[in-house]
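The values are calculated or read from the model by the stated rules, or taken from the named source; none is laboratory data. None of these values were measured; they are calculated from a predicted model. Quick reminder, even Gly has a Cβ in these numbers, built from the backbone with ideal geometry, and neighbours come from all protein chains shown. With ligands, DNA and RNA removed, areas are computed over all heavy atoms of the protein, side chains included. Shrake-Rupley method; radii C 1.70, N 1.55, O 1.52, S 1.80 Å.
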Amino acid sequence: MRSGITAGGNWIIDLIKFVDSYPEEGNLANILKTEHPTNGGCPYSVLLDLAKLGTDMPLQAVGAIGNDEHGDFILKDCMTHNVCTDLLRKRPGQTTSYTDVITVKSNGHRTFFHARGANATLDIGDFEIDKIKGKLCLVGYLLLLDKLDEPDKKFGTRAAKLLSNLKDSGIETAIDVVSENSERFNRIVTPSLKFTDYLIFNEIEAGKVLEKKIRQKDGGIDFKDAAEAADALIKMGVGKMVVIHFPEGAVATVKEKTKIIRESVKSLKLPAGYIKGTVGAGDAFCAGCLYMLYSGGKLKDMLEFGSGVAAASLSHPTASQGVKSVDQVKELISKYTI
């Protein structure tokens, strides 16, 4: 019997550098600090965050890595955190994917230089259904998985075909996508929606799929507009739940047979200087939501806990080193709830 969470997709090593400014092309900026190599990518960060919360749920990785130092780092890190790696496999001749994350120290703005590496080879066959242990399988990031983003005549994309296969085998599905400024969302993301049980997006990604801006012209966001966007994504085929998160808070729409349930929360009010980096905050929010889904928490509690895990992540420049235990996250929520 399946239990716990399986996560597959992008396995990335983040190489984080802090600079004094982001230069124009051809100019120079000073590197002020370099973090040690650390986890990046949806499945890697989400599974690590779940492990750091102290959950006893089984965790399993699916992915492709290189036969190199970074690949060895990922395998050792997973083993340290009790993440099953039987479906996380080395690809001969491929390098492990990595991202140079350039962060401006004064304002936290990030720029990413990404090498796809072995992730570009991940395909449907790597998700061996009979070896998947989780009752839920998270796949991400769509738009950054070359083989799974390829078209399929019947399903639209190979990712949609994969998700259909998972659902046919009784496995619940969730997806995440990478934030990019392109017109590829409808072609690559939309076909997967009707095979997705849980969709956890930020407001930019949701807007790209819906072909509308959720933020207002002044840069603000109306929770009502965000809730309507979540409803619209449900109508596009998402099976059970849509969550849209943004710096100001989060909204959720849940479909239960003929009944629609909605909830929203505001973000925690963090003190000045608390945020040390925003890398991985969205993945941390996703991990918090998945933890509560697995634990059977109420919808509002799920959004609050997701916000708490994201806030914990923000306390450190890396994606997951700021994430603490469930009790510590709850203390953070109690301390900084508006």
Completion exercise
Whole-percent carbon and sulfur contribution to the accessible surface of the range 52-139 (1.4 Å, no ligands, DNA or RNA) stands at 50
Fill in the blank from the handout: Given a 1.4 Å probe, the accessible area of the chain per residue, as a whole number of Å², is 45
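Of Lys194/Lys224; Lys90/Lys161; Lys52/Lys208; Lys161/Lys300; Lys167/Lys257, which sit over 22 Å apart, Cα to Cα? Intermediate results must be reported in sequence, preceding the final value.
Values: Lys194/Lys224 24 Å; Lys90/Lys161 24 Å; Lys52/Lys208 32 Å; Lys161/Lys300 32 Å; Lys167/Lys257 17 Å.
Where the Cα-Cα span goes over 22 Å, the pairs concerned are Lys194/Lys224; Lys90/Lys161; Lys52/Lys208; Lys161/Lys300.
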Fill in the blank from the handout: Gyration tensor on Cα atoms of the range 40-118, a ≥ b ≥ c root eigenvalues, a/c under 1.5 rounded, else prolate if a/b beats b/c, else oblate, says oblate
Handout entry: Positive-end residue, the chain charge dipole about Cα centroid, Cβ charges, pick of Met1, Ile200, Thr55
Key = Met1
Completion exercise
Expressed in angstrom and rounded, the centroid-to-centroid distance over alpha carbons for the range 124-150 and the range 35-86 is 16
Fill in the blank from the handout: From highest to lowest solvent-accessible area (probe 1.4 Å; ligands, DNA and RNA excluded), Glu248, Glu24 read Glu24, Glu248
Problem - Karplus 3J(HN,Hα) series, Hz, for the range 212-229 with 6.51 cos²θ - 1.76 cosθ + 1.60 (x for Gly, Pro) - result: 8, 7, 8, 6, 7, 4, 7, x, x, 9, 9, 4, 5, 5, 5, 5, 5, 5
Exercise for the section: Would you work out which of Thr95, Thr157, Val279 lies farthest towards the positive end of the dipole of the chain, given +1 charges on the beta-carbon of Lys and Arg and -1 on that of Asp and Glu, about the Cα centre? Expected result: Thr157
Handout entry: DSSP bridge orientation in the range 68-221 - percent antiparallel, rounded to nearest 5
Key = 55
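Size of the dipole of the range 79-209 about the Cα centre, Lys and Arg at +1 and Asp and Glu at -1 on the beta carbon, nothing else charged, in debye to 20?
For the range 79-209, the charge dipole is close to 140 debye.
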Fill in the blank from the handout: For the pair Phe223 and Ile261, the simple spin-label estimate (label points 7 Å beyond Cα toward Cβ) gives in nm 1.8
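How much of the DSSP beta bridge set in the chain is antiparallel, as a percent to the nearest 5? Kindly include the intermediate steps, with their values, before the conclusion.
On the way: 29 of 65 bridges.
Given both bridge residues lie in the chain, the antiparallel proportion sits at roughly 45 percent.
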Exercise for the section: Within the range 45-67, find all residues whose amide N lies under 15 Å from a label point positioned 7 Å from the Cα of Ser3 along Cα-to-beta-carbon. Expected result: 55-60
Handout entry: Estimated 222 nm signal from helices in the chain, with DSSP H stretches of n ≥ 4 weighted -39500 (n - 2.57), rounded to 500
Key = -9000 deg cm²/dmol
Handout entry: Backbone N under 15 Å from the Lys33 label point (7 Å along Cα→Cβ), restricted to the range 300-338
Key = 314-322
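Among 320-326, 230-236, 158-164, how do they line up by average Cβ neighbours within 10 Å per residue, starting with the highest?
My ranking of the peptides, most packed first, is 158-164, 320-326, 230-236.
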Exercise for the section: About the Cα centre of the range 54-154, how large is the charge dipole given +1 on each Lys and Arg Cβ and -1 on each Asp and Glu Cβ? Please answer in debye to the nearest 20. Expected result: 180
Problem - Cα centre as origin, Lys/Arg/Asp/Glu Cβ charges: the chain dipole, Debye - result: 780
Completion exercise
Rounded to one decimal in nm, the spacing of the 7 Å Cα→Cβ label points at Asp123 and Glu24 is 4.6
